[in-house]
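Reading through the structure tokens given below for one structure.
The values are calculated or read from the model by the stated rules, or taken from the named source; none is laboratory data. Keep in mind the model is a prediction, meaning the values are calculated, not measured. Glycine also receives a Cβ, built like all others from the backbone with ideal geometry; neighbour counts cover every protein chain displayed.
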Amino acid sequence: MDELLRGCRPTVFRWALVHTGEAADAEDVTQDVLVRLHTSLHRFSGRSRFTTWLYQVTRNEASNLRRTLGRRLKLAVAITREPAVDSTTPDDPADRVHAARVAALAEHLLHGLPRRQREVFHLADLEGCAVTEIAERLGMSPITARVHLFHARRALRAGNLERWPELAAEEMP
């Protein structure tokens with residue numbers, strides 16, 4: 001059981017981070033999921049993949065946390081939060097500032113998506129899951145998953161073009 005919990009922890013944390021948007025909240029969700037996994041593993045029936053079941057448990061725990069914290073608290077945290085600078089950014093302070101702004105914009109755009117679009121985008125483009133697996137994990141048809149992915153990508157592209165209109169000129173032949 002300990003080996004299973006240790007093996008699942010990084011994956012559960014990534015999924016929780018997608019749903020919560022905050023590392024501290026994702027850590028809380030991860031702990032709740034691991035406790036639930038320890039106490040409720042017998043409920044896994046084997047009719048689906050283990051990761052599908054685990055993703056659903058993670059999503060449910062994140063939803064519970066969201067309801068508990070309430071939208072006002074999340075807004076207050078988001079307003080006061082400072083964007084983190086990635087340690088892999090160049091040594092030039094101007095480049096670090098630019099990288100931090102880009103990262104903050106990407107995070108803002110991603111978390112501005114509706115929950116379903118954010119989930120589908122994360123699973124497809126960041127986790128590399130196939131549309132059929134996404135559909136299975138989220139309990140939707142593959143066509144619905146593709147539609148959500150299309151809308152998420154379109155919204156992210158529009159947000160990027162709004163911030164950097166010169167990117168549109170680069171796309172023209």
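Between a residue in segment 1-18 that is touching a residue at least 60 places away in the same chain (Cβ under 8 Å) and in the same structural domain as Leu34 (by TED's automatic domain parsing) and any residue that is in a helix (DSSP H, G or I) and exposed (fewer than 15 other Cβ atoms within 10 Å of the Cβ), which pairs come within a Cβ distance under 9 Å, given they are 6 or more apart or on different chains?
Arg14/Leu126; Val18/Leu126
Is at least one residue of segment 80-100 of a type in the set (A, V, I, L, M, F, W, C), modelled with pLDDT of 80 or more and surrounded by fewer than 16 Cβ atoms within 10 Å (Cβ to Cβ)?
Checked against the condition, which is being of a type in the set (A, V, I, L, M, F, W, C), modelled with pLDDT of 80 or more and surrounded by fewer than 16 Cβ atoms within 10 Å (Cβ to Cβ), segment 80-100 yields no hits at all.
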